[in-house]
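Student: Sharing a structure here in structure tokens format.
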2 protein chains.
Amino acid sequence: MSGRTVTIAEVARHAGVAVSTVSYVLSGKRTISADTRRRVLDSISALGYHPNAGARALASKRSNVIALVLPLRAGMHVPVLMRFASAVVTAARRFDHDVLLLTADEGTEGIRRVAASALVDALVLMDVELHDRRVPLLRELAEPSVLIGFPAERAGLTCVDLDFAAAGARCVAHLSERGHTEIALLGAPAVVYERGTGFARRTREGFTDAVAAHGLDGVALPCEETFDEIHETVARLLADRPGLSGMVVHNEAAVNHVLGSLRQLGRRVPGDVAVVAICPDDVAERASPPLTSVLIPAEEVGREAVRLVMEKLRGAPVPEATLLTPQLTVRAST
Amino acid sequence: MSGRTVTIAEVARHAGVAVSTVSYVLSGKRTISADTRRRVLDSISALGYHPNAGARALASKRSNVIALVLPLRAGMHVPVLMRFASAVVTAARRFDHDVLLLTADEGTEGIRRVAASALVDALVLMDVELHDRRVPLLRELAEPSVLIGFPAERAGLTCVDLDFAAAGARCVAHLSERGHTEIALLGAPAVVYERGTGFARRTREGFTDAVAAHGLDGVALPCEETFDEIHETVARLLADRPGLSGMVVHNEAAVNHVLGSLRQLGRRVPGDVAVVAICPDDVAERASPPLTSVLIPAEEVGREAVRLVMEKLRGAPVPEATLLTPQLTVRAST
DNA sequence: GCCGGTCGTCGAAGCGCTTCGACACTTTCA
DNA sequence: TGAAAGTGTCGAAGCGCTTCGACGACCGGC
């Protein structure tokens, strides 16, 4: 059974039908009588048949593989990226597709290669920058693609993401409702803003606009990831702004350090300072105290990205932009 | 150029040679005159030719894709896993292979599927447990595989990993040299030990054996990942053992919390308590204070795993076990 | 000046699958 | 009751590549 590899011809012979009949049973593209179908399926499991992926790809011009392009840049929070990635793999399997992993080492050449060689049918790209070098390439590719994140110029592309501007605004609104009037945003590391990563900037804009709209006093700062740097940022922030009583933290790696720093400075959460985070639920739940947070819905975004790319593969029209509405969960920190 | 897809036949016609000649230029499996080779390569770049992966796989019985099986289990430190994964992708590309990402959702069935369908030529498996359900399957598969980690029964397999027992011992030796006589190991979360994950247990054994060998007083504890749990563990440890002056932390996620906890308890590092970590260098460097550490050489392990799997693909014999020697870097925490 | 060897190239036979057109049978309905 | 319209199945033609055997052309050695 696991000796030599079984071909469709052997299945056909075993079941006493033509090769094409086996193929149609498998693909469902033509009607097959219940009786024949049974016989074929029995033969398939009796012989342990698995269609050869290469042959299938060659004949059908579909590899049933999608590429996941995951640059793994500095300052990105890897566990969050992996949740996206994992969601993409799971969702792809549900559409009977596998996932080829592409990292940044090869640059855009890798994308061109896997697309041109028909190794993949479609692409899902993560960690999109505002001026992403991959975007022009996607435009000239025949293969459909979906971006997780938004570049500056998105005409003709398909993008999915959490609505980070709304997320920033939602946090401000929550703090405002709680009566805080002087608040701060601790965001991504400076390098991430400089690189022009969309989600960091959009959160900051959402924060800033909402601060103005609510008539609050607010400041937005980048936030590095080592304890010492964060501690210094937090200490200076509190020293400079004695009236500050609310913080929004949009940086998974920094969340715990910010809390540690406040602890060390003798500030109680939420007594002295209320904290809202934008991060996955498990990070918020495991913090001490558990944090009021806006969830980064990685699973949902990944699933949606795959769904959209499959629609495009079918030739169905899809919206250019899909923004998921942020959901705020109140926990112990506000 | 990026309109229709270019085939080898078009390249052959453009260069005025036979299809097989183009193939031999590409594969180097027969000698081709310098002149012909030039013409063919020129045509290839002029037409923007990329060989069709499916056709190549079908004809050559090699997909030039390897599977990376990455379960993403609870308690595993994702950034570390991703460094392995990223190293595997980079190394695979160097051998002209791509990487298919398999997660745990499908269980062993996914492995069987990609192997039987010839979607992949070989497999690299990560996060191996002592009694891993995937191991029996690997034994019956025709495709070569390499494990990153060691199962209990490893006969007939190929495994690579850091020598964690030596790493645990190395940390003990270092603390002993520094004059510490009462020390503790803070290890992985309890669930990881229960699952029988090899590296966690082997570190603990290395620690325990070395403690005995050096005539020290030592205790090994599991260590969860939230600040509150860690703080409690650390506080109780210090309360129970007033003479304790050295700690080994083998838990990337907990490292910063342990330091935060010591800070909060008013213990100076390294003045009151010396800390050695087993973690990637960047985690150690970014901690406060920077930690003396044994590096988890993710890049090296990933590269070695790929090298071994390529050797096996060539039919070359490879050692069953490859253990990388731990390297201790002294920083500010001891 | 003829013979065995390389060297460089070609043509053709698959690799295992999908898909198209064809073809027997049934049904259906004027 | 016969033509039209399904149903269910088959055979064969590729899909684009690798690889095998064949075959001139050229080499040196006798």
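Student: Binning every alpha carbon pair distance of chain B at 20 Å from zero, what are the percents per bin?
Tutor: 28, 43, 22, 7, 0
Student: Within the accessible area of segment A:4-68, what % is carbon and sulfur when the probe is 1.4 Å and the other protein chains stay in place? Before the final figure, lay out the partial values.
Tutor: On the way: 2010 of 3760 Å².
Answer for segment A:4-68: carbon and sulfur cover 53 percent of the accessible area.
Student: Right, here's the next one. Can you give the Rg/Rh ratio of the protein assembly as shown, where Rg is from the C-alpha atoms and Rh is the Kirkwood radius?
Tutor: Working: Rg = 27.6 Å, Rh = 27.4 Å.
Across the protein assembly as shown, the Cα-based Rg/Rh ratio is 1.01.
Student: Right, something else. How big is the accessible area of residue A:199 in square angstrom, nearest 10, if you roll a 1.4 angstrom probe over the protein chains?
Tutor: 50 Å²
Student: Amide H of residue A:132 versus every other amide H placed in the peptide plane: which residues, excluding those fewer than 5 positions away on the same chain, fall under 5 Å?
Tutor: Here the answer is A:152, since their amide H atoms fall under 5 Å of that of residue A:132.
Student: When DSSP assigns beta bridges and you keep just the ones with both residues in the protein assembly as shown, what percent turn out antiparallel, to the nearest 5? The partial results should precede the final answer.
Tutor: Working: 9 of 79 bridges.
Given both bridge residues lie in the protein assembly as shown, the antiparallel proportion sits at roughly 10 percent.
Student: I've got another one for you. How much accessible area per residue does the protein assembly as shown have, in Å², with a 1.4 Å probe? Show your work: numbers first, answer last.
Tutor: Numbers: 27640 Å² over 668 residues.
Value for the protein assembly as shown: 41 Å² per residue.
Student: Using a 1.4 Å probe on protein heavy atoms, which residues of segment A:36-66 have at least 20 Å² less accessible area in the complex than alone?
Tutor: Output list: A:50, A:52, A:53, A:54, A:55, A:58, A:65.
Student: Per residue of B:77-90, what is the mean number of Cβ atoms on other protein chains within 10 angstrom of that residue's Cβ?
Tutor: 4
Student: Still on this structure: Under the rule of at least 5 residues apart or a separate chain, name every residue whose amide H is placed under 5 Å from the amide H of residue B:249.
Tutor: Under 5 Å from the amide H of residue B:249 lie the amide H atoms of B:186, B:276, B:277, B:278, each far enough along the sequence or on another chain.
Student: Report for chain A the percent antiparallel among DSSP-assigned beta bridges with both residues inside it, nearest 5.
Tutor: Working: 3 of 38 bridges.
Around 10 percent of the beta bridges assigned by DSSP in chain A are antiparallel ones.
Student: Largest first, what is the accessible-area ranking of A:312, A:61 with a 1.4 Å probe?
Tutor: Working: A:312 55, A:61 170 Å².
Reading off the accessible areas and sorting them downward yields A:61, A:312.
Student: Let me ask another. Using the Karplus curve 6.51 cos²θ - 1.76 cosθ + 1.60 with θ = phi - 60°, work out ³J(HN,Hα) for each residue of segment B:316-330 in order, rounded to whole Hz, and write x for Gly and Pro.
Tutor: 7, x, 10, x, 6, 10, 10, 10, 8, 6, x, 10, 9, 10, 7
Student: Also: Using the 2.2 N^0.38 Å rule of thumb for compact globular proteins, work out how segment B:13-77 stacks up: its C-alpha Rg over that value, please. Walk me through the numbers on the way to the answer.
Tutor: On the way: Rg = 18.1 Å, N = 65, 2.2 N^0.38 = 10.7 Å.
Rounded to two decimals, the normalised Rg is 1.69.
Student: If you take the charge dipole of segment B:8-51 about its Cα centre, with +1 on Lys and Arg Cβ and -1 on Asp and Glu Cβ, which of B:26, B:9, B:45 is farthest toward its positive end?
Tutor: B:26
Student: Can you pull the mean other chain C-beta count within 10 Å for peptide B:283-292?
Tutor: Details: counts 0, 0, 1, 7, 3, 7, 2, 2, 0, 0.
Partner Cβ neighbours, averaged per residue: 2.
Student: What ranking, highest mean first, results for peptides B:200-206, A:265-271 when packing means the other Cβ atoms within 10 Å averaged over each residue? If you can, show how the numbers build up before the last one.
Tutor: On the way: B:200-206: 21.9, A:265-271: 13.7.
My ranking of the peptides, most packed first, is B:200-206, A:265-271.
Student: How large is log10 I(q)/I(0) at q = 0.09, 0.10, 0.20, 0.24 Å⁻¹ when the Debye formula is applied to the Cα atoms of segment A:1-115, each weighted equally and without solvent?
Tutor: -0.39, -0.47, -1.07, -1.32
Student: Using a label position 7 Å from Cα in the Cα→Cβ direction, what is the ascending list of nm distances from residue B:59 to the same site in the other copies?
Tutor: Distances to the matching label points in the other copies: 1.9 nm.
Student: I'd like the interface area for chains A and B: accessible area of each alone minus the complex, both sides summed, 1.4 Å probe, protein heavy atoms only. What is it in Å² to the nearest 100? Walk me through the numbers before you get to the answer.
Tutor: Numbers: alone 15820 and 15820 Å², together 27640 Å².
Counting protein atoms only, the buried area is about 4000 Å².
Student: How are the Cα pair distances of segment B:112-238 distributed, in percent, across 5 Å bins from 0?
Tutor: Calculated P(r), rounded to whole percents: 2, 10, 17, 16, 15, 13, 10, 7, 5, 3, 2, 0.
Student: If the label for residue B:317 sits 7 angstrom from Cα along the Cα-to-Cβ line, what are its distances to the same label in every other copy, in nm to one decimal, shortest first?
Tutor: Those label-point separations list as 6.6 nm.
Student: Could you go through segment B:270-277 in sequence order and give the Karplus-derived ³J(HN,Hα) for each residue, using 6.51 cos²θ - 1.76 cosθ + 1.60 with θ = phi - 60°, rounded to whole Hz, and x for Gly and Pro?
Tutor: x, x, 8, 10, 8, 10, 10, 10
Student: To continue, here is another question. Name the long-range amide H neighbours of residue B:220: under 5 Å, sequence gap of 5 or more, or other chain; modelled H, no Pro or chain starts.
Tutor: For residue B:220, the qualifying residues are B:185.
Student: Send over the per residue convex hull volume for segment A:164-295, Cα only, as a whole number of Å³.
Tutor: Cα convex hull per residue, to the nearest whole number: 91 Å³.
Student: Take the solvent-accessible surface of the protein heavy atoms, probe 1.4 Å, and return the percent of it on segment A:164-295 that carbon and sulfur atoms account for.
Tutor: Numbers: 2250 of 4780 Å².
Looking at segment A:164-295 in its full context, I get 47 percent from C and S.
Student: Put the label 7 Å from Cα along Cα→Cβ for residue A:131; what are its distances to the other copies, in nanometres, shortest first?
Tutor: Computed spacing set for this position: 5.8 nm.
Student: Just grab the label-to-label distance for residue B:320 and residue B:27, each label 7 Å out from Cα along the Cβ direction, in nm (one decimal).
Tutor: Result: 3.5 nm between the two label points.
Student: Using a 10 Å cut-off around each Cβ of peptide B:225-235, what is the average number of partner chain Cβ atoms that fall inside? Intermediate values should be presented prior to the final figure.
Tutor: Values: counts 2, 6, 8, 5, 2, 1, 2, 0, 0, 0, 0.
Averaged over the peptide's residues, the number is 2.
Student: I need the Kirkwood Rh of segment B:8-51: take the reciprocal of the average 1/r across all distinct C-alpha pairs and report it in angstrom.
Tutor: Working: mean 1/r = 0.1008 Å⁻¹.
Radius from the Kirkwood sum: 9.9 Å.
The values are calculated or read from the model by the stated rules, or taken from the named source; none is laboratory data. These numbers were taken from a predicted model, which means no experiment stands behind them. Here the Cβ is made from the backbone with ideal geometry for all residues, glycine too, and neighbour counts use every protein chain on show. Remember, those area values only see protein heavy atoms, side chains included, never the ligands or the DNA or RNA. Shrake-Rupley method; radii C 1.70, N 1.55, O 1.52, S 1.80 Å.
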